[in-house]
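Shown next, in structure tokens, is the structure this report addresses.
The values are calculated or read from the model by the stated rules, or taken from the named source; none is laboratory data. Since this is a predicted model, take the numbers as computed values, not measurements. Here the Cβ is made from the backbone with ideal geometry for all residues, glycine too, and neighbour counts use every protein chain on show.
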Amino acid sequence: MSASHDPAATRRLEEIGTADVLVGVPSFENEATIGGVVTAIEAGLRKYFPDLRAVICVSDGGSSDRTREVALRAGVDDRADELLVPRDSPVPERLVFEYRGPPGKGSAIRSIVEAAGRLGVRACALIDADLRSITPAWLDRLLGPIVHHGFGFVTPVYARHKHDGTITNSLAFPVTTALYGARIRQPIGGEFGLSGELAAHLAAQDVWDTDVARFGIDIWMTTTAVVEGYRICQAILGAKLHDPKDPGKDLGPMFRQVVGSLFALAGRHHDRWVEIETVETPPTFGFRAVFSAEPVAVSIRRLTRGFVDGHARHHELWRRVLSEGAMSELERAAGQASETGAGIALEDEQWFTIVYDYLVAYNAREIEAGPLLDSLIPLYFARTATFVERTREDSPEEAEARIEAAVDVAVERKPYLVERWAALKVPARPLRDQPVP
């Protein structure tokens, strides 16, 4: 019996026996949205994969509300005609349980991929429980490339407001592209498609009790798929409606977890990325269209204040982390901002020099991971403020072009990272020894 499934869930898996596709939904306190998510999943499976035996698996983190009850009761029911679902199409099996293990999305996904492996599925999709914009077509986009075209991993492409997803735009997207040579737009998106082979491979990894797997599950899955050579593609899903946040507020834990995992994985896979010099864009399924993306209100004043406060607290640590040239450029930019009152501007080349210095410092481990990552946050604030100010009047297409141009700079600066890593003689360490605060 799997450590992440209780006896009742194990018995239910035995009753189901085998399946062709499984859609997993990690959940926690999602009573308000999970009914719509499960209904859309059922409609999508019945509409696009009526000949395949399907399972909807809700892996819950111990919700105190009615999340599990709503998930069990939700479904197409008498809305088949409205949702364009064939009435004679089979209803997917339903599996709803409370997973075992440390709290967090990583543990929820572990139980899902273990269930997928136990059922021997051909394809598996992961979908967040708090979505307000999911449509049945998402199932076709996430599972179709695997079922019909033999891909191993499908990443999402969302239509997002130009000031949303700043950690993705300034760190996860460009650094993943530069390191591993795969231009994946949303390496930390919540929705993914996995082949049955990849799901079983992930379930078998000995990292589920590490901080990287618990807190950086999305970037870990993406990186694993890339470095292990699975065929990757992207799927256009349209707008992802969620609760947008000002990047200057409530950022600390998420930033540390995502960026710490990104840096830790780079340390684990140094031998893989150090020789990569080319970049390829994975094929993309679906068509871009005009979608409404929720606006994100960003306070440049708050971001600027965060940088100024951080300068006072972390200035000496910055001197330890940054190269002499990077520190000199940072002081010059800060001095110029002080003189003009316009706020500090971190240009693309300067920003990725800083990021690469931090990536090396994280893996060198001469500075504790928590304080190190905390000291990067004010610099991230300055970078975000720069982008917001520059794109204030940009169309979504113009803002996206700026992001893509920054990715190109991250790729161009990779030799600096390689040289810096070699100069500091950073040791290789197994993933389970990489700390993520």
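What the table shows:
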quantity: Qualifying residue in the stretch 99-117 (condition: part of a loop (DSSP other than H, G, I, E, B) and modelled with pLDDT of 95 or more); calculated: no
quantity: Count of residues meeting criterion [within 28 Å of the chain's Cα centre (by Cα) and not acidic (D, E)] in the stretch 7-37; calculated: 17
quantity: The listed residue being closer than 17 Å to A225 by Cβ and either part of a helix (DSSP H, G or I) or not assigned by TED's automatic domain parsing to the domain that holds L143 (or both), out of A266, A312; calculated: A266
quantity: Condition met for E280 (over 18 Å from V259 (Cβ atoms), acidic (D, E), touching a residue at least 24 places away in the same chain (Cβ under 8 Å) and in the same structural domain as S133 (by TED's automatic domain parsing)); calculated: yes
quantity: Inter-residue pairs, beta-carbon under 6 Å, first assigned by TED's automatic domain parsing to the domain that holds P103 and closer than 15 Å to I41 by Cβ and in the stretch 63-84, second in a loop (DSSP other than H, G, I, E, B) and small (G, A, S), 6+ apart; calculated: none
quantity: For S4: the one exception among (1) more than 13 Å from D128 (Cβ to Cβ); (2) within 26 Å of the chain's Cα centre (by Cα); (3) not in a loop (DSSP other than H, G, I, E, B); calculated: (3)
quantity: V38 vs. criteria without any contact (Cβ under 8 Å) to a residue 60 or more places away in the chain, part of a strand (DSSP E or B) and assigned by TED's automatic domain parsing to the domain that holds C124; calculated: no
quantity: Residue in the stretch 156-166 that is in contact with a Gly (Cβ under 8 Å, 6 or more places away or on another chain) and either polar (S, T, N, Q) or at positive phi (or both) present; calculated: no
quantity: V388 vs. criteria surrounded by 15 or more Cβ atoms within 10 Å (Cβ to Cβ), modelled with pLDDT of 95 or more and under 24 Å from the mean Cα position of the chain (by Cα); calculated: no
quantity: Residue in the stretch 286-302 that is farther than 19 Å from E397 by Cα, modelled with pLDDT of 95 or more and either of a type in the set (S, T, N, Q) or assigned to a loop (DSSP other than H, G, I, E, B) (or both) present; calculated: no
quantity: Subset of the stretch 134-153 (residues that are farther than 13 Å from I236 by Cα and either assigned to a loop (DSSP other than H, G, I, E, B) or among the small types (G, A, S) (or both)); calculated: P136, G150, F151, G152
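Residues checked against (1) part of a helix (DSSP H, G or I); (2) β-branched (V, I, T); (3) assigned by TED's automatic domain parsing to the domain that holds P415:
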position	(1), (2), (3)
E316	yes, no, yes
G325	yes, no, yes
E331	yes, no, yes
Q336	yes, no, yes
G343	no, no, yes
D357	yes, no, yes
V360	yes, yes, yes
